[in-house]
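A short worksheet on the structure shown next.
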Amino acid sequence: MAVAVANRQRRVAVRPARLVRAARAALASVGRAGGDVEVLVLGDDAIRRLNAAWRGVRRRTDVLAFPLEVPDGPSPLVGQIVISADTARRQARRLRVPLPLELDLLVTHGVLHLVGYDDRDPVEAELMHARERQILASGRRRVPPRLWTGLLA
């Protein structure tokens, strides 16, 4: 599996190796251990522009996911995850969790979107967040429940 990380912002310290590990763990947990994913880390302004262009939503967001699988048969290509480091830092501070843990969650959330999970419906969102909890906990990380505070509000 190939996980590539491109950090295109400078305000927030990001450890690419940790993002790679989080993506690999999430891919393996959903049966796509051989999948290829790119993680792009941007600032708020850039992700706001992407959100407007691709979703028609003119505000920043924490993570976007772009599935890129080829419909005619199996492909190692899974997709691209775009994360706002600025938003991740704000969320981590608000929830009083370490920024690396918040970034692990966002990468995991993005991978789940790439393979078909959807969090627009409250029932599906709860299933998605339960899967995130399972994936993050399997990495032997201490994951405080407050990491999901406000996600289902």
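Here, each number is a calculation from the coordinates, and none is a lab measurement. For clarity, every value in this text was computed on a predicted model and none was experimentally measured. For neighbour counting, all protein chains shown are included, and Cβ atoms are generated from backbone atoms with ideal geometry for every residue, glycine included.
Among bridges DSSP assigns within segment 3-148, what percent are antiparallel (round to 5)?
Within segment 3-148, antiparallel bridges account for around 30 percent of the total.
For the pair A28 and D72, what calculated FRET efficiency results from E = 1/(1 + (r/R0)^6), where r is the Cβ-Cβ distance and R0 = 22 Å, to the nearest 0.05?
E between D72 and A28, to the nearest 0.05, is 0.35.
Jot down the radius of gyration and Dmax of segment 3-148, Cα atoms only, both in angstrom.
In Å, with Rg to one decimal and Dmax whole: 14.4, 44.
Please name which of S29, T108, V14 has its Cα lying farthest along the dipole of the chain towards the positive end, using unit charges on Cβ (Lys, Arg +1; Asp, Glu -1) and the Cα centre as origin.
Checking the options against the dipole of the chain, the answer is V14.
Between A2 and W54, what FRET efficiency follows from the Cβ-Cβ distance if R0 is 25 Å, with the result rounded to 0.05?
Numbers: r = 23 Å, r/R0 = 0.94.
Efficiency, rounded to the nearest 0.05: 0.60.
Hey, what number do you get for the chain at 222 nm if only DSSP H runs of n ≥ 4 count, each worth -39500 (n - 2.57), divided across all residues, to the nearest 500? All intermediate terms of the calculation are to be shown ahead of the outcome.
Details: 5 runs with 70 residues, N = 153.
Taken over the chain, the calculation gives -15000 deg cm²/dmol.
For segment 3-148, give the magnitude of the charge dipole about the Cα centre (Cβ charges: +1 Lys/Arg, -1 Asp/Glu; no others), in debye to the nearest 20.
Numbers: 26 positive and 16 negative charges, 202 e Å.
Computed charge dipole of segment 3-148: roughly 960 debye.
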